[in-house]
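Some notes on the structure that comes next.
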Amino acid sequence: MTTELAPAPAPLAAPVPRPRIFSGIQPSGVVHLGNDLGAVRNYVRLQYEYEAIYSIVDYHALTSTHDPAALRTQTREMAASLLALGLDPDRCTLFVQSHRPEVTELAWLLTTVTPVSWLERTPTYKEKKEHQQDDVNHGLLAYPVLQAADIVIYKASLVPVGKDQAAHLELSREIVRAFNARYGQTFPEPKAVYTEAPTVLGTDGVRKMSKSVGNTIDVLGPPELIKKQIMSMVTDTQRVLRTDPGRPEVCNVCQLQRAFGDDYESLWDGERTARTGCVDMKRILAERITERYAEARDRYANLMAHPDRIDEILAVGAERIRPIAEATMIEVREKMGLR
Ligand code: TRP
C-alpha cells in the first residue's frame, strides 16, 4: 500500500520589494510646524509603504553656513526632531549625508555630464546669488548635481519633496538622462512625489514659515514659547474691530486650524459671524498644538539628553546603506573607464 505523501507546502512567496524613495532635509536645527506639516509628516507616512532613505544634507548646508559648531548641533537637532516626530529607524534609514562620502565622488562624476548653463539657470542658484553676494561659492552652483547624486547613488525612483524643489528634481532627471545617454542605462529617472500640504505661512502671515525669517512655531519647544508665538500671529489684517466679521480664508490662524481637528468649519463659522475673535482662535490653536506635540516634545527632550543614542542611530543608518552606495560606485567607475 502506498502512502500518499502530503503535498509539499507551497514555498513562501518572496517578499514584494517596496519601491525605494529618497529625500534630503537640511540640517536646520529643531523642526518647526512648517517643516512638520510640509515634509516630516509625509516622511513618517511613507516609511510604511516604501523602502525609505532619508538624508540630513550637511554637505549641502555648507554652501550657505560656515559655522562648524552650529552645523554639528543643528544636524543632531534635526535628527532628534525627525525621530521624535515618528521616523522609526527600524522602518526607514535615517543618516547624515557626509557619513556616506561616496556621494561626493559621484557628484564629481556627474558634473562632467552637466552643462554649466543648466546650473546657471536654476532658480535657487539665481536667488542665492543675490542673497549671499559675497559668498557665491562653487558649491552653490553645483548644489543640484550633489542633489542628483544623493538620489541616484541609491537608485531611488521616487523623491518626496515640496513644490519648491521642482526645478532641482527636473535637473536631476536631466542629469540622469545625460549620464545614461553617454554611458548606457545606469540610473532610473527619479520622479518627484509632491506633498499635498499647502505652504505653511509663518507667524507674520505673509512669508513661508522658516527659521531664517524668524516666523516659526516651535512645536518641539516649551509650551510657553508655542503659546507666545501663536498669540503673536498676524491674522486677517482687515478685521479691525472685534465685532467685524472674520475672513477665515485669509486668516493664517484659521488656515492652520485645518490641520488640528475636523471641526474647523464650525470654528470658521464663529469667525465669520464674529461670535468669536482672533484671540479665541489663537487660544484654541495653541492648546491643540501643544497637546498634539506633547509626546513628540518628551521624546525630543529625551533624545537630546542622550546624544550618544542619536549618533548610534545615525551610524547604523549610514552603515546599512553602505553596500548600495559601494555597488553603484563600482558600476559607475567601470562604465566611465576609471577601472
Ligand atoms: N535641496 C533640498 C532642500 O533644500 C534638500 C535635498 C538635498 C534633497 N538632497 C536631496 C531633497 C535629495 C530631495 C532629494 O530641501
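The values are calculated or read from the model by the stated rules, or taken from the named source; none is laboratory data. Computed from a predicted model, the values in this text were never measured in an experiment. Here the Cβ positions follow ideal geometry from the backbone for every residue, glycine too, while neighbour counts run over all protein chains shown.
Things to note:
- The set of residues in segment 171-220 that are among the acidic types (Asp, Glu), touching a residue at least 12 places away in the same chain (Cβ under 8 Å) and in a loop (DSSP other than H, G, I, E, B) comprises GLU189, ASP204, ASP218.
- Hits in segment 232-249 - residues which are of a type in the set (A, V, I, L, M) and at pLDDT below 90: VAL240, LEU241
- Complete set of residues in segment 12-67 that are among the polar types (S, T, N, Q) and either touching a residue at least 12 places away in the same chain (Cβ under 8 Å) or buried (at least 19 other Cβ atoms within 10 Å of the Cβ) (or both): SER23, GLN26, SER28, ASN35, ASN42, GLN47, SER55, THR63, SER64
- For segment 131-148, a residue qualifies if it is in contact (Cβ under 8 Å) with a residue 12 or more places away in the chain and touching a Lys or Arg at 6+ places or on another chain (Cβ under 8 Å), and exactly one does: LEU140.
- Counting residues in segment 99-118 that are among the acidic types (Asp, Glu), more than 24 Å from the chain's Cα centre (by Cα) and either surrounded by fewer than 18 Cβ atoms within 10 Å (Cβ to Cβ) or in a helix (DSSP H, G or I) (or both) gives zero.
- Scanning segment 73-104 for residues that are within 16 Å of the ligand (Cβ to nearest atom) and acidic (Asp, Glu) turns up just one, GLU102.
- Looking across segment 154-163 at every residue that is outside any loop (DSSP other than H, G, I, E, B) and touching a Lys or Arg at 6+ places or on another chain (Cβ under 8 Å), the one that is farthest from ASN252 (Cα to Cα) is identified as LEU158.
- One residue alone among LYS128, LYS155 is within 15 Å of the ligand (Cβ to nearest atom), within 19 Å of PRO101 (Cα to Cα), in contact (Cβ under 8 Å) with a residue 12 or more places away in the chain and among the charged types (D, E, K, R), and that residue is LYS155.
- Candidate set: segment 119-153, residues that are touching a Pro at 6+ places or on another chain (Cβ under 9 Å) and part of a helix (DSSP H, G or I); chosen: the one surrounded by the fewest Cβ atoms within 10 Å (Cβ to Cβ): THR124
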